[in-house]
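The values are calculated or read from the model by the stated rules, or taken from the named source; none is laboratory data. The shown structure was predicted, so the numbers you read here are calculated from the model rather than taken from an experiment. Cβ sites come from the backbone with ideal geometry, for glycine too, and all protein chains shown count toward neighbours. For accessibility, only protein heavy atoms count, side chains too; no ligands or nucleic acids. Shrake-Rupley method; radii C 1.70, N 1.55, O 1.52, S 1.80 Å.
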Amino acid sequence: LAFAAHTFYKQQLRQRFELLASERFSRIAERFDEQQQRLDGLRRFFSFSSEITLREFDGYARPLLQRTLAYAWAPRVEAGQRAEFERLASAHTGPGYVIRDLDAQGQWRPASQRDHYFPVLYTQSGDRPGLPYGLDLAGQSGPQAALARALGPGSMAVSEPLTLFDTHSAEPGLLMVAPVFSDADPRGAAAGYVMALLSMRELVSEGRP
């Protein structure tokens with residue numbers, strides 16, 4: 001009788017756990033779907049516009065900041081365009097805009113010479129740090145791998161968990177990226193990427209014990 005009662009108790013615990021796990025999984029899936037829809041809307045905003053100003057980007061992205069740490073736009077910059085791009089970007093974001101890398105010690109330095117760059121030009125975040133201006137995603141191993149996986153038209157990719165930028169917190173985050181293509185580019189290469197920076201803690205546990 002004791003063995004039967006113990007077995008029944010374990011079965012009840014397993015059923016409760018499976019129910020709670022299924023509910024949590026569904027909640028996370030819904031939040032990912034919401035993030036995907038918002039990022040796809042931002043991608044279409046860029047795809048069907050000839051030129052978007054910083055003010056227009058801020059006006060579109062700011063209302064989307066719900067369970068999202070930041071949104072950003074990183075255009076493709078060829079090596080020969082770097083100096084001119086940095087000069088023009090300084091007019092939008094303030095003097096001293098530089099395409100830069102974040103090294104293993106967490107120090108900023110000018111980006112190494114590459115064939116092309118994907119630097120953050122526009123960024124919109126809430127109270128917490130987001131994606132810093134000038135960060136070259138092509139120079140960061142985690143984000144760069146996500147950019148490569150997202151190259152199919154209409155596709156998206158999510159990075160592996162990464163440490164949030166411009167913060168001393170060890171809290172992990174995720175970078176969701178979506179390519180924007182240009183009809184004028186016969187190579188089919190991405191003209192840039194729109195991105196959403198997500199907090200894993202908020203995705204998994206916000207509003208839940």
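Tell me yes or no: at least one residue of the stretch 28-44 is modelled with pLDDT of 90 or more and over 30 Å from Ala150 (Cα atoms). Among the residues of the stretch 28-44, not one is modelled with pLDDT of 90 or more and over 30 Å from Ala150 (Cα atoms), which makes the answer no.
For the stretch 100-134, a residue qualifies if it is surrounded by 11 or more Cβ atoms within 10 Å (Cβ to Cβ), within 18 Å of the chain's Cα centre (by Cα) and in a loop (DSSP other than H, G, I, E, B), and the qualifying residues are Phe118, Val120, Leu121, Gly126, Arg128, Pro129, Gly130, Leu131, Pro132, Tyr133, Gly134. Counting residues in the stretch 15-24 that are under 19 Å from the mean Cα position of the chain (by Cα), aliphatic (A, V, I, L, M) and farther than 17 Å from Thr123 by Cβ gives zero. Here is the figure for the stretch 1-40: residues that are of a type outside the set (Phe, Trp, Tyr) and in contact (Cβ under 8 Å) with a residue 12 or more places away in the chain total 10.
Regarding the stretch 44-62, can at least one residue be identified that is charged (D, E, K, R), touching a helix residue (DSSP H, G or I) at 6+ places or on another chain (Cβ under 7 Å) and open to solvent by less than 80 Å² (accessible area, probe 1.4 Å)?
Here is the first cut: in the stretch 44-62, the ones charged (D, E, K, R) are 44, 51, 55-56, 58, 62.
Keeping just the survivors that are touching a helix residue (DSSP H, G or I) at 6+ places or on another chain (Cβ under 7 Å) gives none.
For the stretch 44-62, residues charged (D, E, K, R), touching a helix residue (DSSP H, G or I) at 6+ places or on another chain (Cβ under 7 Å) and open to solvent by less than 80 Å² (accessible area, probe 1.4 Å): absent.
Once the stretch 76-99 is narrowed to residues that are in contact (Cβ under 8 Å) with a residue 12 or more places away in the chain and among the acidic types (Asp, Glu), the residue that is most open to solvent (accessible area, probe 1.4 Å) is Glu78.
Identify the residue in the stretch 65-89 that is basic (Lys, Arg) and part of a helix (DSSP H, G or I) and, among all such residues, is farthest from Ser47 (Cα to Cα).
Arg87
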